[in-house]
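Beneath this line is the structure, given in structure tokens, with notes to follow.
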Amino acid sequence: MLQVLVTLSVAAVVGAQICCVPKQWEGVQGNVLAAIQPNDVEPMILSSSYMISYDAINKRVATIESLSSGNFSGTAGVILDYSAGIQYTIQGPKCTRTTLGSFLESCIPSNAHNDGDTYYGAITPLNVTAYSYVRHGFNVLATVTQDTCAPVQEVIYGDYAGNRYMQSVGYSNITPGIKDSSVFMPPAFCDNVPLIHSNLPVFPMA
């Protein structure tokens, strides 16, 4: 089975960095992920769209996601509560609780290569800077705004466990702050769900 890699923002890093995304923001993240195993002819393609709330101050992230791949489609809510060390995944009446590692802010690392400045739009241009770097064996191409380091787009590609992955990510409708903190509160039926201990590796989040 292919393990799906889902990313949420710019690369999670420790130590020096060029810039980090705003401490609190919300927006829409669109993803297209292609993954292929060594003996496959056609890749698995997964499209997804997220409503995302990012809160580095309180070390938490929440998403409401819509997924589609082939004839499959569905929605799910994910809450990453790093202070408690728990990830909640909610699909309808079903809840899964999984252990989480330490929270790492989403940043452009200090060893990233500056690929240049450009802009989007004409009358009121959005000035951005593109960077490239490698994280955990994955190549990352990330574009962020020049004024606040807000994520704009990214491409991540590389190999993991013998499988090849490529992901394209775009961001839109980003606003500062958190409008409703209840998005970080799991439903009551998650309270008594057994906690699953996960050993998943940390991947770059461009």
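The values are calculated or read from the model by the stated rules, or taken from the named source; none is laboratory data. Since the model is a prediction, treat every value here as computed from it, not as a measurement. Every residue, glycine as well, gets a Cβ built from its backbone with ideal geometry; the counts of neighbours run over all protein chains shown.
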Notebook entry, point to check: Is segment 46-68 home to any residue that is outside any strand (DSSP E or B) and without any contact (Cβ under 8 Å) to a residue 24 or more places away in the chain?
Noted result: no
Next item on the list: Would you tally the residues in segment 98-128 being surrounded by fewer than 11 Cβ atoms within 10 Å (Cβ to Cβ) and in a loop (DSSP other than H, G, I, E, B)?
Entry: 6
Checklist line | Among the residues listed as 202, 169, 193, the single one being at pLDDT 90 or above and either closer than 28 Å to residue 36 by Cβ or of a type outside the set (Val, Ile, Thr) (or both) | finding: 169
Check: When you look at residue 160, is it in contact (Cβ under 8 Å) with a residue 60 or more places away in the chain and surrounded by 18 or more Cβ atoms within 10 Å (Cβ to Cβ), yes or no?
Finding: no
Checklist line | Looking only at segment 129-155, and only at residues there that are of a type in the set (Gly, Ala, Ser) and assigned to a strand (DSSP E or B), the one that is farthest from residue 176 (Cα to Cα) | finding: 132
Check: Among (1) at negative phi; (2) part of a strand (DSSP E or B); (3) in contact (Cβ under 8 Å) with a residue 60 or more places away in the chain, where does residue 186 come up short?
Finding: (2)
Next item on the list: Can you work out which of the residues in segment 35-82 that are closer than 13 Å to residue 185 by Cβ and either of a type in the set (S, T, N, Q) or surrounded by fewer than 13 Cβ atoms within 10 Å (Cβ to Cβ) (or both) is farthest from the chain's Cα centre (by Cα)?
Entry: 58
Next item on the list: Among the residues of segment 127-138, write down those that are within 20 Å of residue 30 (Cβ to Cβ) and either modelled with pLDDT under 95 or under 14 Å from the mean Cα position of the chain (by Cα) (or both).
Entry: 138
Notebook entry, point to check: Taking segment 139-148 as the region of interest, how many residues are surrounded by 15 or more Cβ atoms within 10 Å (Cβ to Cβ) and within 18 Å of residue 28 (Cβ to Cβ)?
Noted result: 4
